[in-house]
Amino acid sequence: MGIIEGSPSRKSSSSSSLETSPSKSMLKVLLLIVCTNILTVFLLSSPSHSSLNLFSSLSTPTPNLTTTTSLLHDLNSTLHLLSAAQSQISSLSRRLKVSNSLSESLLVELGRFNLANNNNPSEPDPNSGWRDELFGELKLAVGPHDLPLGHSPNIGSDKLYPQLGHACLHHQEDLIQYMTYDIGGGCPSDELFAQRLMLKGCEPLPRRRCHPKSPKGFIDPAPHPENLWSIPPDTSVVWDAYTCKNYSCLVNRARAPGSYDCKDCFDIRAGARERARWLRDDGALDYGIDEVLRAAGTVRVGLDIGGGTGTFAARMKERGVTIVTSTMNFDGPFGPFIASRGLIAMQLSVAHRLPFFENTLDIVHSMHVLSNWIPDVVLEFALFDIYRVLRPGGVFWVDHFFCVGGQLNETYVPMFGRIGFRKLRWNEGRKLDRGIEKDEWYLSALLEKPRT
C-alpha cells in the first residue's frame, strides 16, 4: 500500500520540476551573459584606461553627432583599448604556457623521485613495533648490522637483519628473559620456556651467545643400522624439562594411565606397536610404505611433519629414502631420540613455513598432526606450502587425518580440492575407539602434485 500511495506524489514533484526547468535555464543564460560581460570588461581594462570610461564613451549620447573628428577619435580610442586588451591576453597566454611547462617538469621530476624511492626504499626502523626500547643482548640479536663489504646485491641492502618471528613483538618480556644470560657462559636450562615461545609464534627465536647444558657422562650413539631400532642411553639427554628422567619411564608410558603426546612412540622394541607401523596395508585407512612407494614412483627425499620419534623416517631409510622429521619436545626428548637413530630431526611447528626449496621433495607425510585442531585458514596455508615444496609428480601422504561429524565433507574435502592435488588413493573411516556416538572420522589419502 505504501508504494502505491507514494506514486502520485512522486509524479507531481517530477512534473513541477519539469515546469520550472525553463525558468532555471533562463537564469543560467542571464548569469552566463553577465559573467561574460564582466570578463570582457576585465580583459579590456588597462592601467591608463578605465572600462567605465570606455562604456561611458560608447553609451553616452554625443552632443554633436555631426562632428566626424570626434567620432573618429572615439573609434580610435576604442581600437587602442582593444589592441591593449589583445596584447594582455597574448601575454597571459604566454605565461600560462610557461606555467604549464613548469608544472609538467615538476610532475616528471616527482615521478622520478617516487620511482627511485620505490626501487630503493629506506631501511625500516628495527625498533618499530616493540613496546619498549630494546637494549642489551636482545637489541644486538635483533639488529640490523652493517655489512662489512657494504651493499650486497643478493640481499638488496647494506644491512643484515637476523631472523626473528613476528609474534616475538607481542612477548617482549618473555624474550628479554630468554635473552638474559652470561655472555660466553652457560645458557639457562629453559628448553620448555623456549619451546612455548616458539609455539606462541616467536619462531624462529633469536640466537644466543651462551653454551647449552650438556648431558653428563655422554656416550657415543650406536652405529648404523643398529641405531635405527635401539633405545639410546639415558646419558644422551638433559632431562631437566621432562616429567620422565630416563628412557625406561618413556617406554613404559604406553602402559601407564593418563594421556600423553605420542604415548607409545618411544617403545621401538620388537613386538611393540611402534615397530609395526606402516608395514601392512589393509586397503583402507592403514597404508603400507611399500605400496605407497610403488604408487609414487621415484622417491629419494621427503619430509615427515610431526613425525614423533622418527619411525617413519627409519622405515624409509631402510628403503634408501632420506626423510627429514619435524617434531617438538612435548614432555619428552623427541628430537634427541630421532638424532640418536641416525635420522634428521628438525624443531619446527606446524605454523612455520617449510624451510625447503620449491619443487624439490618427492614425498611429504603427516600422521595425526595435521587435523581439525588447527584453524582452517592456517591449515589451508600449510597445505599450499606442502604443495609448494613437492616436485611435480611428488606425493602427499595424508595419514589418519582426524575430524568430527560433518567437518569432513563441509570443510576438508573442499579444502583439499582447492589445493589442486590429484587423488591416487582416498579412504574415509569411522574412529570407533571412543564410541560410535562421538561421530569421529579419519581420512587417509595419497595425493599427487600434477606434473603439468
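The values are calculated or read from the model by the stated rules, or taken from the named source; none is laboratory data. Please read all numbers here as calculations on a predicted model, not as lab measurements. Positions of Cβ are backbone-derived with ideal geometry, glycine not excepted, and every protein chain shown enters the neighbour counts. For the accessible areas, the whole protein counts, side chains as well, though only heavy atoms, and no ligand, DNA or RNA atoms are used. Shrake-Rupley method; radii C 1.70, N 1.55, O 1.52, S 1.80 Å.
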Right, residue 377: out of contact with any Cys (no Cβ under 7 Å at 6 or more places or on another chain), open to solvent by less than 40 Å² (accessible area, probe 1.4 Å) and modelled with pLDDT of 95 or more or not? no
Residue 372 - would you say it is surrounded by fewer than 20 Cβ atoms within 10 Å (Cβ to Cβ), not in a helix (DSSP H, G or I) and not aliphatic (A, V, I, L, M)? yes
Could you tell me whether any residue of the range 283-304 is among the polar types (S, T, N, Q), part of a loop (DSSP other than H, G, I, E, B) and without any contact (Cβ under 8 Å) to a residue 60 or more places away in the chain? no
With the requirement that a residue be open to solvent by less than 80 Å² (accessible area, probe 1.4 Å) and modelled with pLDDT under 75, what does the range 75-99 give you? 99
Elements of type helices (runs of 4 or more DSSP H) contained in the range 152-253, each with 3 or more residues being open to solvent by 50 Å² or more (accessible area, probe 1.4 Å) and closer than 18 Å to residue 327 by Cβ: 191-199
Scan the range 173-219 for residues that are touching a strand residue (DSSP E or B) at 6+ places or on another chain (Cβ under 7 Å) and among the basic types (Lys, Arg) and jot them down. 213
List pairs: first residue in the range 351-364 and at positive phi, second residue exposed (fewer than 13 other Cβ atoms within 10 Å of the Cβ) anywhere in the structure, Cβ distance under 8 angstrom, at least six positions apart or on different chains. 359/392
Name the one entry in 441, 426 that is open to solvent by 40 Å² or more (accessible area, probe 1.4 Å), in contact with a helix residue (DSSP H, G or I) (Cβ under 6 Å, 6 or more places away or on another chain) and of a type outside the set (Gly, Ala, Ser). 441
The condition from (1) open to solvent by less than 20 Å² (accessible area, probe 1.4 Å); (2) within 24 Å of residue 295 (Cβ to Cβ) that residue 417 misses is numbered (1)
Failed criterion for residue 131 (all others in (1) modelled with pLDDT of 90 or more; (2) open to solvent by 80 Å² or more (accessible area, probe 1.4 Å) hold): (1)
Members of the range 401-414 found to be open to solvent by less than 20 Å² (accessible area, probe 1.4 Å) and touching a Ser or Thr at 6+ places or on another chain (Cβ under 6 Å), listed by number: 401
Filter the range 320-343 down to the residues that are touching a helix residue (DSSP H, G or I) at 6+ places or on another chain (Cβ under 9 Å), open to solvent by less than 30 Å² (accessible area, probe 1.4 Å), closer than 21 Å to residue 198 by Cα and not in a helix (DSSP H, G or I) and list them by number. 324, 325, 327, 328, 329, 332, 333
Which numbered condition residue 317 misses (of (1) without any contact (Cβ under 8 Å) to a residue 24 or more places away in the chain; (2) open to solvent by 40 Å² or more (accessible area, probe 1.4 Å)): (1)
Which numbered condition in (1) over 30 Å from residue 318 (Cα atoms); (2) over 26 Å from the mean Cα position of the chain (by Cα); (3) at pLDDT 95 or above is the only one that residue 217 fails? (3)
